[in-house]
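The values are calculated or read from the model by the stated rules, or taken from the named source; none is laboratory data. Keep in mind it's a predicted model, so treat the numbers as computed, not measured. Note: ideal-geometry Cβ built from the backbone for every residue, glycine included; neighbour counts use all protein chains shown. Remember, those area values only see protein heavy atoms, side chains included, never the ligands or the DNA or RNA. Shrake-Rupley method; radii C 1.70, N 1.55, O 1.52, S 1.80 Å.
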Amino acid sequence: MHDLLTIGKHDFRSRFILGSGKFSLGMIKAVIEHGGVEMVTLALRRANIGGEANILDYLPQNIVVLPNTSGARNAGEAVRIARLAREIGCGDFVKVEVIRDSKYLLPDNYETIKATEMLAKEGFIVMPYMYPDLNVARALAEAGAAAVMPLGAPIGSNKGLCTKDFIKILVDEINLPVIVDAGIGRPSQACEAMEMGVAAIMCNTAIATANNVALMSKAFNLAIEAGRAAFLAGPGRVLHSLAEASSPLTGFLED
Amino acid sequence: MTKKRLNHMEYLDWMELIETDIMDRVLRSAEAYLCRQYTGREVESALVKDHLSPGDFCSLLSPAAMPYLEDMAVKARLETRKKFGNCVHLFTPLYISNYCDNYCIYCGFNCRNKICRGILSLDEVEAELEAIAATGLKDILLLTGENRSISGIEYLGEAVKLAASYFPAVGIEVYPLNVAEYLFLNKCGADFVSVYQETYNPQRYAQVHRGGPKRSYPYRFHAQERALLGNMHGVAFGALLGLGDYHQDAFAAGLHAYFIQQKYPHSEISLSVPRLRPYINNRELFPHEVSEKQLLQVMLAYRLFMPYAGITISTRERATFRDHAVGMAATRISASVKVGVGGHKQKEKGDQQFCIADTRSVKDVHQMIVQKGLQPVYTDHVRV
């Protein structure tokens, strides 16, 4: 069975997107291999093109680069960063990040919608990082987003699916891949998100700060695959307390 | 006739006033901070919290926290990893002039010191930048003494334009400016501003800043706010630890940064922890000498109070201390540092501001970071 993740016109076998911002670059190849990763984010502001510690020198050739607009404080800056990324050969994918708060790193949904609209018109495959709000997700879809990337918890917090109920609403209502972006701290949380129908998981801190990053990457991959399989299988009914009689309320009926 | 000395809480005519209450709030809080009133119980309580209040920050800076230094270090390392991952940012300063009108009794550049003064011509600035860029660095900090006629705003603008043509990230550590001047330098290519208050205690400030524009305490205090109003991305804060009581100064510097971040949430905040180093007969002038342990306490308290803030570790500190500080609390480290005027390409044109304890090259510092299992980061800014 082919169960592909489609973003724009591109298909991916892997539903595990790797954030690269917190890694030791020497480890990144092993993390990609153990995690079966096909897409890796790239912060343009960190890409030391032609210089020391340039992430592009560490990525295998077959990896799709997802440049992000980190550092952008408004839509205009995000658009300019995306254009720069395209100019240096990073392709048409872009993860829009517009952040106006250096403390919590929460996305500015309003500016994100504006940037998404401008970039989609320029032919980018736009994947916006967002706070999970249904109205915003609808506006992003309308603006031309190829996926939406709601946060599970604040970036780097490893707190898991704090926004679970709201992400579920997006899964139910938005006809685009919903990719949980920030806050996933453990493979079990990634699995839980996938079970409820999320299309993919993006993860960085939880792996970059693990004692054995390659093994943790493998664990995430397995958890994501397990969660996806469970979603496709359709989980059975889960009882919340004691077992129930088969028809406790309607058993009195005779015909 | 003797010229009347400026009241240290007043402004000179050309100094811009902005509407803000941050200085009053910081000074009120610093004055009320009695560091010896805290107990181990308050430190323990702060150490189990996810988000620390200014009150918790007080306890971590207090003498009561000293027995908990290891616990603070463990938690600070975790916070640093959560927020910054494995990344350690490399940069270097370039002094372009040491002419100075200020009489700051602790500073090598002060106007009464008979030192060799120098200013780099723009050709010399470019030669220095070229030499620094050849080391692989992408983040530079331009520094001057305070002399608006010799190293004026137009000169700074030209130097910043040159720097921006070689480096994606250009910071300035020059004399405090008005908003329009910060805007001008931002347009030239600077995005980061460092201004250190030296000591936050106004009386002590007046004692050690005896003349020159720097004597105006409030004008210097509000520099970061004017810089952000002038479209700068990030601002750095710090006290020269040892000038006054370090508990109070570190508390006030941290609170200053905290209030600025609250008011300007988009700004990138960073803290520096320069320490007044011992020299002959300075105990009488500066009786508040700060030990390495106390310096580390300040860095750890900063990290726990403001996990999001960058922390820079100075070359005033010995290599071993710096190596341990990165990854634990510090996120920015300078390399291949010269503190005379120029010196990266040509012979230094002016004398040094202070002595450095860590003279390692970019390559050596890079290697040290890698050996610690961390990642040297050369650029973290894109100018758009």
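Which one, B:ILE96, B:ILE132, B:ILE150, has the greatest fluctuation when you compute a Gaussian network model over chain B with C-alpha springs under 10 angstrom?
B:ILE150
Just checking the output field for B:191-200: average partner chain Cβ neighbours within 10 Å of each residue's Cβ? Intermediate values should be presented prior to the final figure.
On the way: counts 0, 0, 0, 0, 0, 0, 0, 0, 0, 0.
Partner-chain Cβ atoms within 10 Å, mean over residues of B:191-200: 0.
Can you give the helix-only mean residue ellipticity at 222 nm for the protein assembly as shown, where every DSSP H stretch with n ≥ 4 adds -39500 (n - 2.57) and the sum goes over all residues, rounded to the nearest 500 deg cm²/dmol? Before the final figure, lay out the partial values.
Working: 22 runs with 238 residues, N = 639.
Helix-only estimate at 222 nm: -11000 deg cm²/dmol.
Just want to confirm a number: the relative contact order over chain A, from Cα pairs under 8 angstrom separated by 6+ residues, in percent.
Values: 503 pairs, mean separation 43.9, N = 255.
Reported as a whole number, the value is 17 percent.
Over all pairs of distinct alpha carbons, what does the Kirkwood formula give as the hydrodynamic radius of the range A:145-230, in Å? Write down the numbers at each step before the final one.
On the way: mean 1/r = 0.0796 Å⁻¹.
Kirkwood hydrodynamic radius for the range A:145-230: 12.6 Å.
Across bins of 10 angstrom width beginning at 0, how are the C-alpha pair distances of the range A:46-125 distributed, in whole percent?
19, 47, 29, 6
No partner Cβ under 4.7 angstrom, meaning no disulfide-compatible partner by this rule: which Cys of chain B qualify?
B:CYS35, B:CYS58, B:CYS87, B:CYS100, B:CYS111, B:CYS116, B:CYS188, B:CYS355
Normalised radius of gyration for the range B:298-361, please: alpha carbon Rg relative to 2.2 N^0.38 Å, two decimal places. Can you show the working numbers first?
On the way: Rg = 13.9 Å, N = 64, 2.2 N^0.38 = 10.7 Å.
Cα Rg divided by the expected 2.2 N^0.38 Å: 1.30.
Looking only at other chains, what is the average number of their beta-carbon atoms within 10 angstrom of each beta-carbon in A:48-56?
Values: counts 8, 1, 0, 6, 12, 12, 2, 1, 0.
Neighbouring Cβ atoms belonging to other protein chains average 5 per residue here.
Taking just the C-alpha trace of the protein assembly as shown, give me its Rg and Dmax in Å.
26.6, 116
Let me check I've understood the local charge: for A:ALA229, count other residues with C-beta under 15 angstrom from its C-beta, Lys and Arg +1, Asp and Glu -1. What total comes out? If you can, show how the numbers build up before the last one.
Working: positive: A:ARG13, A:ARG15, A:ARG228; negative: A:ASP3, A:GLU192, A:GLU195, A:GLU225.
Charge balance in the 15 Å sphere: -1.
I want to verify a result. In a Gaussian network model of chain A, Cα cutoff 10 Å, which of these has the top mean-square fluctuation: A:ALA206, A:ALA141, A:ALA47?
A:ALA47
How about the range B:306-341: which of its residues lose at least 20 Å² of accessible area in the presence of all protein chains relative to their chain isolated, using a 1.4 Å probe?
Output list: B:TYR308.
What is the local net charge at B:GLU16, summed over the other residues whose Cβ is closer than 10 Å to its Cβ (Lys, Arg +1; Asp, Glu -1)?
0
Just the Kirkwood number for chain B, please: inverse of mean 1/r across all distinct Cα pairs, in Å, one decimal.
On the way: mean 1/r = 0.0477 Å⁻¹.
Value: 21.0 Å, from the Cα pair sum.
Using the alpha-carbon centroid of each, what span in Å lies between the range B:1-64 and the range B:169-198?
Value for the Cα centre distance between the two parts: 23 Å.
May I ask for the angle, rounded to the nearest 10°, between helix A:213-233 and the longest principal axis of chain A, with both axes built from Cα atoms and the value confined to 0 to 90°?
40 degrees
Return the subset of B:LYS345/B:LYS372; B:LYS75/B:LYS363; A:LYS164/B:LYS75; A:LYS29/B:LYS372; A:LYS164/B:LYS83 for which the Cα-Cα distance in this structure is over 24 Å, preserving the input order.
B:LYS345/B:LYS372; B:LYS75/B:LYS363; A:LYS164/B:LYS75
Give, to the nearest whole percent, the P(r) tail of the range B:52-142 beyond 16 angstrom, counting all Cα pairs.
On the way: 3000 of 4095 pairs.
Every Cα pair in the range B:52-142 considered, those over 16 Å come to 73 percent.
Per residue, what accessible area does the range A:1-151 have, given a 1.4 Å probe and all protein chains present, in Å²?
Numbers: 6180 Å² over 151 residues.
Result: 41 Å² per residue.
May I ask you to give the solvent-accessible area per residue for the range B:22-377, in square angstrom, as obtained with a 1.4 angstrom probe?
Accessible area per residue: 36 Å².
Could you tally the net charge around A:ASN158, taking each other residue with its Cβ under 11 Å from the Cβ of A:ASN158, Lys/Arg +1 and Asp/Glu -1?
+4
So which lysines can A:LYS121 reach, going by Cα to Cα under 27 Å and dropping same-chain residues fewer than 8 places off?
Leaving aside lysines fewer than 8 places away in the same chain, those within reach of A:LYS121 are A:LYS9, A:LYS95.
What lysines could a cross-link reach from B:LYS263, if we take a straight Cα to Cα line under 17 Å and drop same-chain neighbours fewer than 8 places away?
A:LYS103
Quantify, in whole percent, the carbon and sulfur part of the accessible surface of the protein assembly as shown (1.4 Å probe; protein heavy atoms only). It would help to have the intermediate numbers written out before the result.
Values: 13750 of 26880 Å².
Ligands and nucleic acids excluded, carbon and sulfur give 51 percent.
If the viscosity is 1.567 mPa s and the temperature 4 °C, what translational diffusion coefficient in µm²/s does Stokes-Einstein give for chain A when Rh comes from Kirkwood over Cα pairs?
Working: Rh = 18.8 Å.
The Stokes-Einstein estimate is 69 µm²/s.
Can you list the residues of the range B:77-96 that have at least 30 square angstrom less accessible area with all protein chains present than in their chain by itself, probe 1.4 Å?
Hits at the 30 Å² cut-off: B:ARG81, B:LYS82, B:LYS83, B:ASN86, B:CYS87.
Using a Gaussian network model on chain A with a 10 Å cutoff between Cα atoms, which of A:ALA30, A:ALA199, A:ALA190 fluctuates the most?
A:ALA30
Using only the alpha-carbon atoms of the range B:230-276 as identical scatterers, what base-10 log of I(q)/I(0) does the Debye formula give at q = 0.19 Å⁻¹?
Normalising to I(0) and taking log10 leaves -0.59.
Find the sum over both chains of the accessible area lost when B and A are paired, probe 1.4 Å, and report it in Å² to the nearest 100.
Values: alone 16360 and 13160 Å², together 26880 Å².
The B and A chains share an interface burying roughly 2600 Å².
I'd like the mean, over residues of A:19-27, of how many other protein chain beta carbons sit within 10 Å of each residue's own Cβ.
Taking all residues of A:19-27 together, the mean is 5.
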